[in-house]
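Novice: The structure's right below; bear with me while I get my questions together.
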2 protein chains.
Amino acid sequence: MRFEVKVEVVPRDGIANPEGATIERALPALGFVNAGNVRVGKVIQLQVEAESAESAERVVEDMCNRFLSNPVIENATVEVL
Amino acid sequence: MRFEVKVEVVPRDGIANPEGATIERALPALGFVNAGNVRVGKVIQLQVEAESAESAERVVEDMCNRFLSNPVIENATVEVL
């Protein structure tokens, strides 16, 4: 079966997030005074051929650990849709 | 109230996605033969001070249309957590 899988890779707390910081600095000038704490990461969508949702999730978690994310500085969450 | 909001910005179908294409090309050499159709986008997490979840969503949709995404080439989905 073919599963649609989504991975979110976001910098860990305490790790510099310059893209988020830039958006945050721009918000007041753009009229958004009630927003903050912006973090920007990557979302990776892919299709996996697997026997079950669990095995698809395992395959993608393996990808995350090997090359989709850097566990030292990033959190990766895998979701089978 | 303070709401945690998540925005996913992904290239529309038919729009070049070089990062996804690069991952896809690398997969077989890394031992992942059953995966494909990789698309890479951005995920933006932020906190918004608003009266209700609906109004927080409206504020962030406004941000998307104005500067978080380019609606010509990208799809943005807003989710209040």
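The values are calculated or read from the model by the stated rules, or taken from the named source; none is laboratory data. Given the structure is predicted, the values throughout are model-derived calculations rather than measurements. For neighbour counting, all protein chains shown are included, and Cβ atoms are generated from backbone atoms with ideal geometry for every residue, glycine included.
Novice: Scan (1) within 12 Å of the chain's Cα centre (by Cα); (2) modelled with pLDDT under 95; (3) not acidic (Asp, Glu) for the single condition B:Ala26 breaks and write down its number.
Specialist: Evaluating B:Ala26 over (1) within 12 Å of the chain's Cα centre (by Cα); (2) modelled with pLDDT under 95; (3) not acidic (Asp, Glu) leaves (1) as the failure.
Novice: Of the residues that sit in region A:7-23 and are buried (at least 18 other Cβ atoms within 10 Å of the Cβ) and not β-branched (Val, Ile, Thr), which one is nearest to A:Cys64 (Cα to Cα)? Write out each step before concluding.
Specialist: Here is the first cut: in region A:7-23, the ones buried (at least 18 other Cβ atoms within 10 Å of the Cβ) are A:7-11, A:17, A:20, A:23.
Still in the running and not β-branched (Val, Ile, Thr): A:8, A:11, A:17, A:20.
On the way: A:Glu8: 10, A:Pro11: 14, A:Asn17: 20, A:Gly20: 22 Å.
For region A:7-23, the residue satisfying everything is A:Glu8.
Novice: Being free of Cβ contacts under 8 Å to residues at least 60 places away in the same chain and not in a helix (DSSP H, G or I) is the filter here; which residues of region A:1-24 pass it?
Specialist: A:Met1, A:Arg2, A:Asp13, A:Gly14, A:Ile15, A:Ala16, A:Asn17
Novice: Quick one: in region B:25-75, of everything that is surrounded by fewer than 18 Cβ atoms within 10 Å (Cβ to Cβ), touching a residue at least 12 places away in the same chain (Cβ under 8 Å) and more than 7 Å from chain A (Cβ to nearest Cβ), which residue is farthest from A:Cys64 (Cα to Cα)?
Specialist: B:Glu51
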